Amino acid sequence: MDSSTSFERKKHIRFFSRILQILPHRYSILDTSRLTITFFALSGLDVLNALDHLSEKNKQEIIEWIYSLQVIPNEAESNTCKCGFRGSTCNGVTTPQYAKAMESTNEYDSSHIAMTYTGLASLLILSDDLQRVNKKACLEGIRALQLPDGSFKSTYDGSENDMRFIYCACCVSAILNDFSAIDTAQATSFIRKSLCYDGAFGQGPGLESHGGSTFCAFASLKLMKTLNSALSKQQLKWLEYWCVSRQKMGFHGRPHKDDDTCYSFWVGATLKLLGVFELIDFKENEEFVLSTQDNIVGGFAKWPQIHPDALHSYMGVCGLSLMGLHNLQPIDPALNVTQRVRTHMEELHAKWAAAETRKLQTTSMDRSRTKSSTIDRTHTGTVVLAFVIGLGAVVVPWIYKVYFRHAT
Amino acid sequence: MSSSSDEDESYKMYKDRPEWNDVKSVPQDDGPAPVVQIAYSEKFKDVFDYFRAVMAMNEKSERALELTGSAIELNPANYTVWHYRREVLKALKKDIAVEMKFLSQIIMEQQKNYQVWHHRRALVEWSQDFSEELDFTADIISRDQKNYHAWQHRQWVIQEFEQWDGELDFIDKLLEQDVRNNSAWNERYFVIEHTTGFTDEVVKREIEYAIKKINLATKNESAWSYLRGVLQDKGLTWSKSLCDQIHSWRGEGLRSPHLAAFLLDMFDEDLEKKKCDVNKTMDKVRSLCKELAEDTDTVRRKYWNFVLQRMTKEYEVK
Ligand SMILES: [Zn+2]
């Protein structure tokens, strides 16, 4: 390889910005998943620390477009099982006005779990506060997609079910800070059953180990916090060995397959989550990823000498970011967004929790004003709970302060 | 850019078809500032404008079926089109065999598309006719030996309709063509797990099988992983004849990194079970890790040094 190959930051910024505008006709196959492409482009810009290349007006327009893709409950609430986000309006959200696009109008209109995940993630990247997300409906939409074996399908009307969609369900739950829509025990059991004899995960039980499904499986266990109960120490060792074995120069997804840019992220992120990412050969990995860079139009391809695409361009910059190269923003390996976005998300969670506490406190005050005879057991429970939370809110910072003073 | 059928002069836009002039097409409402727009062709717009109209009317007719065919040709990844097509097929009580022929052609052109394989499974679930599935997947696999979708569909058919007989022969043939076909190795494990199970006898047989294959290609990760896999419950040192084989390969000077890694894990097991002299075994561990890190598997040198550190910490008496 030409050792002078440098990282073409400016060209990548242009590449991702262009994708956000328009794709040529040959990409019509992406029609139902335009939201995912939006996510790749936005998160790509974020990893490049280049979101300021989008004007504030443009960002706001993107936010509005994403919200227009939200499937919200109809009046009869007969469609909650289909709530979440659609990937585009191609399947006929026929509304007279754009503003009304959020109302579902035909029975074939439905969310897709990958779009719900990438839609929410995109909103976070744009620093939106998710205020207009119907969280309850999103979670109902997720709940409706889990199958008895613990796996998820992608849309209510039916699709294949595999590890990818468990991961999407976990990301949605993590972003909304609520795992109540997932039967995590069943999901964990499905993941365990998909552990292949060679130490990594397939898309489902009995299926061949694969870098993509291994990432989805392992990141899901991390997000659900069920990793410790799911895998033994020995199993973790074998998984480590399988993952490091995927490096030839860059990474590939299955034994004897060619290296492919996206696995520098899928396998790389799994190794990062395993805490042993530093053990790979950074130089070789970087050289491979850069060999798939398009030095003219920007972006990355799956292999050298072929056209770049949105997914591989995003995974390419993520793969390089994992190694801390080229001033790229650090990413959160489990959620596949920048750490900046993760922090923004956690701040939102803290705000939601504080609002919840305030709500409970107000309720308890209202209730204590009512006559004691009307307070039944449930109310007493709520009051006690609110009291404990309220007390906690006061006492914990106090204890912290005292401890802090004494400690220093 | 236009596909060949765009230039096909006999093709008539839906808006110009008299049998459709009672339907008002529904253009896509993409809002005032769409993101990741697609520069649809005129043909694409025309077909999907009518597809949206048909869905809104919920019309399940012959012409609707034809329209879904046009839509699928333009975008086989549109899962809603496939779903709608299934609804129409059901409503019209269409012959599944005819649909299967249509589908097989599309799969040949779209071998890695999730929707086509999901449609295939849905059709087999309805008809319960799996008679063509093993041949069909075998055909796809012969074109692309590692096609994940084809293997997944094949495993589903085999399990659902208990078609286990003959599968080991099928795998044998594939491994004779390419001993590194990891999908075939995986299928072997899948079949045994669901039929005989890994009894002592079967494990012994499978060890012999793997040894033969390793002799054909000593650096074949798939065969080595399989060997680990069949021994995962019993332990890598369970078979005396395998231990002898491993040592004799080493004695012959075989430098496969997989052999060294396997031996390393055998030592790990011995050390953990306290079945060996710690100092002597750790000396061997050190030289194996050194060989891997500095000579036979240098891309993973940091990993092998890490393994050595981990084992030293775990077993060496201070
Ligand atoms: Zn790829």
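The values are calculated or read from the model by the stated rules, or taken from the named source; none is laboratory data. Keep in mind the model is a prediction, meaning the values are calculated, not measured. So basically every Cβ, Gly included, is an ideal-geometry build from the backbone, and we count neighbours across all protein chains shown. Each accessible area value is taken on the protein alone, full model and side chains, heavy atoms only, with ligands, DNA and RNA left out. Shrake-Rupley method; radii C 1.70, N 1.55, O 1.52, S 1.80 Å.
If only the Cβ of Lys and Arg carry +1 and only the Cβ of Asp and Glu carry -1, the dipole of region B:1-94 around its Cα centre is close to 560 debye. The solvent-accessible area of A:V297, taken with every protein chain present and a 1.4 Å probe, is close to 60 Å². Go through B:A217, B:A293, B:P34 and say which Cα lies farthest out towards the positive end of the charge dipole of chain B; charges sit on Cβ, +1 for Lys and Arg, -1 for Asp and Glu. After comparing all options, I get B:A293. Label separation (B:K280 vs A:N295): 5.8 nm, computed from points 7 Å beyond Cα along the C-beta direction. Radius of gyration (Cα atoms) of region B:31-178, expressed as a multiple of 2.2 N^0.38 Å: 1.23. Which FRET efficiency value, to the nearest 0.05, do you get for B:K212 and A:Q21 by plugging their Cβ-Cβ distance into 1/(1 + (r/R0)^6) with R0 = 56 Å? Efficiency, rounded to the nearest 0.05: 0.45.
Within a straight-line Cα-Cα reach of under 24 Å, B:K94 can be paired with the following lysines, leaving aside sequence neighbours fewer than 8 residues apart in one chain: B:K60.
Here the simple spin-label model places points 7 Å from the Cα toward Cβ, and for A:E278 and B:A138 these points are separated by 5.3 nm. The percentage of C-alpha pairs in region B:1-94 whose separation is greater than 15 Å is 62%. Note on region B:1-94: dipole from Cβ charges, positive end direction compared against B:W20, B:H83, B:A53; the farthest Cα belongs to B:H83.
Measure up A:K283/B:K313; B:K212/B:K240; A:K225/A:K248; A:K248/B:K212; A:K237/B:K302 against 20 Å on the Cα-Cα distance and list the ones that go over. Violating the 20 Å limit, Cα to Cα: A:K283/B:K313; A:K225/A:K248; A:K248/B:K212. Length, then width, then depth: along the principal axes, the Cα atoms of region A:17-350 run 55, 47, 40 Å. Across all directions, the shadow cast by the convex hull of region B:195-318 built on its C-alpha atoms averages 8.0 square nanometres.
Derived scalar couplings between HN and Hα for region A:42-58 equal 5, 5, x, 4, 5, 4, 7, 6, 10, 5, 6, 6, 9, 6, 4, 4, 4 Hz in order, rounded to whole Hz, by the Karplus curve 6.51 cos²θ - 1.76 cosθ + 1.60 (θ = phi - 60°), x for Gly and Pro.
Listed by chain and number, the aspartates and glutamates placed with their C-alpha closer than 12 angstrom to that of A:K351 are A:D129; residues fewer than eight positions away on the same chain are left out. Using the Cα atoms of the protein assembly as shown to build a convex hull, what is its mean projected area in square nanometres? Across all orientations, the protein assembly as shown yields a mean hull projection of 39.7 nm².
Here the translational diffusion coefficient of region A:250-367 follows from Stokes-Einstein with Rh set to the Kirkwood radius across Cα pairs; for 10 °C and 1.306 mPa s it amounts to 98 µm²/s. If you sort the three axes of the alpha carbon gyration tensor as a ≥ b ≥ c, you get a/c of 1.5 or more for region A:1-58 and a/b no higher than b/c, which makes it oblate. Could you list log10 I(q)/I(0) for region B:174-231 at q = 0.13 Å⁻¹, which the Debye formula gives when each Cα is one point scatterer? Per q value, in the given order, log10 I(q)/I(0) is -0.28.
Comparing Cα centroids, region B:4-62 and region A:230-277 end up 45 angstrom apart. Per residue, the protein assembly as shown reaches -18500 deg cm²/dmol at 222 nm when only DSSP H runs of four or more residues are counted, each adding -39500 (n - 2.57). Dividing the Cα radius of gyration of chain B by its Kirkwood radius returns 1.16 for Rg/Rh.
Cβ-Cβ distance of B:D200 and B:D244, R₀ of 22 Å, FRET efficiency by 1/(1 + (r/R0)^6): the value works out to about 0.80.
Taking all protein chains together and a 1.4 Å probe, the residues A:R342, B:R85 rank A:R342, B:R85 from largest to smallest accessible area.
Cα centroids of region B:210-228 and region B:248-318: 19 Å apart.
Cross-linked pairs B:K12/B:K101; A:K82/A:K302; B:K43/B:K146: Cα-Cα separations exceed 26 Å for A:K82/A:K302; B:K43/B:K146. Between A:H210, A:S364, A:C81, whose Cα lies farthest towards the positive end of the dipole of the protein assembly as shown when Lys and Arg beta carbons carry +1 and Asp and Glu beta carbons carry -1, centred on the Cα centre? Final value for the positive-end residue is A:S364.
Within the protein assembly as shown, antiparallel bridges make up roughly 85 percent of the DSSP beta bridges whose residues both belong there.
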